[in-house]
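Taking it in order: structure first as structure tokens, then the write-up.
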Amino acid sequence: MPLSSLAAVCSILLGVGSARAEEPVELRISKWADPSKLIPVSMSGFSGEVDSVVRFDLGIQGFSFVGASEAGYLITGSNSGRVEGHVLEAATKVHVLDRAYSSGSMRIQAHAFADDVIQAVTGKKGISLTRIAYKVDAGINNEVVVSDYDGFAANRITQDNALVFAPAWAPGRRMLYYTSYKLGNPDIYSHDLTTGARQIVARYTGLNTGAAISPDGQRLAMILSKGGSPDVYVSDVRGGNLVQLTRTKEDESSPCWSPDNQTLCFVSRLQGRPSLYTVSASGGAVKRLMTPGVANATEPDWSPDGKSIAFTTQRGGANFEICVVSPSRGDVKELVSGEDPSWAPNSRTLVFSRRSKGSRVLSLLDVPTKQVKDVKHILGSSSQPCWAR
């Protein structure tokens, strides 16, 4: 396979740094057929931070670490001055990846190598260089924080000394939306992460929350109670050209978009208990999305590939469970104890929050294999994570 077809130079943008792959590059894509089966690999040669970063990244994206005699792939490398890595398919003795990196920190180079391993072995893009936003408790108030998906490089975005919650990314990873009580009312703000500039998007009487930006970046869904009860509205991304989609006496909440920008999923109490509903983004009839065997469905998030909607169900008291439902078939799978699910760009991994000793911890779930890892480097009680896509 010609090197020109393999993107010999890799440049990855991540906030404050990047990693660049250097020659030589030999990459042959090989598929790993069943995503529910862990991919056994052995790894040697790396040390310190690079070793731990690569292990974390691969461990939450479907890989397991075994001895060389049991491995499907042998990963070797070094990190003296720069990261260099190699992947050998054990059965065929074929090199599926040989790559060196320069520029950016060693941590970023390690993330970049992990993503290249995932691409080479599975044919899928990795998530090691992605970011998340979330709410962190700050005394009686909250603030919004952005970090790498593993909790490193955390940056507090707001300093409102107020209740701030429900962060949501706009496509492009440079703009956040959230709700803040900074001016005494729950208002929706947009926040440019490059310049720090922010603007009020919705400041109507009553509740303004649940901002969700369409995948094409053109429209904003939100929950407003200016009409008396919380309803679903859609506007342009600046809050103009407002259109009301629901007109009920019950509470609506948590809108999210289908990947084709055509449909919204949201929560309503139209039939008593909170349940999932869908409505066309241009208006029309509201339809209930059935979740057989599961009541109290809240906090939906539509996967980027369109195949699944993750949501939270409350079993009673503080017992929460994360589930997924197919929007076309309506079959539900229970995954793990927790709440606030948000899909990664790979439509495979979820970030969520779970309750632990009076606090909340962010965790990562590899959905096909059900492997879970806590994001241990985040300080403070954290919840409502949102993955940049």
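Restricted to strands (runs of 3 or more DSSP E) entirely inside the range 247-298, those with at least 1 residues that are out of contact with any Pro (no Cβ under 6 Å at 6 or more places or on another chain) and among the hydroxyl-bearing types (Ser, Thr, Tyr) are 252-257, 263-268, 275-280. Residue-level check: of (1) among the small types (Gly, Ala, Ser); (2) in contact (Cβ under 8 Å) with a residue 12 or more places away in the chain; (3) under 19 Å from ALA153 (Cβ atoms), SER52 misses just (2). Here ASN185, ASN241, ASN208 are screened, and the one residue that is crowded, with 22+ Cβ neighbours inside 10 Å, modelled with pLDDT of 95 or more and polar (S, T, N, Q) is ASN208.
On the given criteria, is ASP251 at pLDDT 95 or above and either surrounded by fewer than 22 Cβ atoms within 10 Å (Cβ to Cβ) or within 23 Å of GLU339 (Cα to Cα) (or both)? No. Put simply, of SER280, SER303, SER337 the only residue that is among the polar types (S, T, N, Q), buried (at least 18 other Cβ atoms within 10 Å of the Cβ) and modelled with pLDDT of 95 or more is SER303.
Quick check on this structure: which one of SER353, SER382, SER363 is of a type in the set (Gly, Ala, Ser), over 14 Å from the mean Cα position of the chain (by Cα) and in the same structural domain as SER268 (by TED's automatic domain parsing)? Testing whether each residue is of a type in the set (Gly, Ala, Ser), over 14 Å from the mean Cα position of the chain (by Cα) and in the same structural domain as SER268 (by TED's automatic domain parsing) leaves just SER382. Out of ILE108, ILE127, ILE118, ILE75, one residue alone is of a type in the set (A, V, I, L, M), assigned to a loop (DSSP other than H, G, I, E, B) and over 30 Å from ASN185 (Cβ atoms). It is ILE127. Candidates in the range 254-273 are the residues that are crowded, with 19+ Cβ neighbours inside 10 Å and not hydroxyl-bearing (Ser, Thr, Tyr); of these, the one that is farthest from PRO171 (Cα to Cα) is VAL267.
The values are calculated or read from the model by the stated rules, or taken from the named source; none is laboratory data. Model, not experiment: these values are computed from the prediction. Quick reminder, even Gly has a Cβ in these numbers, built from the backbone with ideal geometry, and neighbours come from all protein chains shown.
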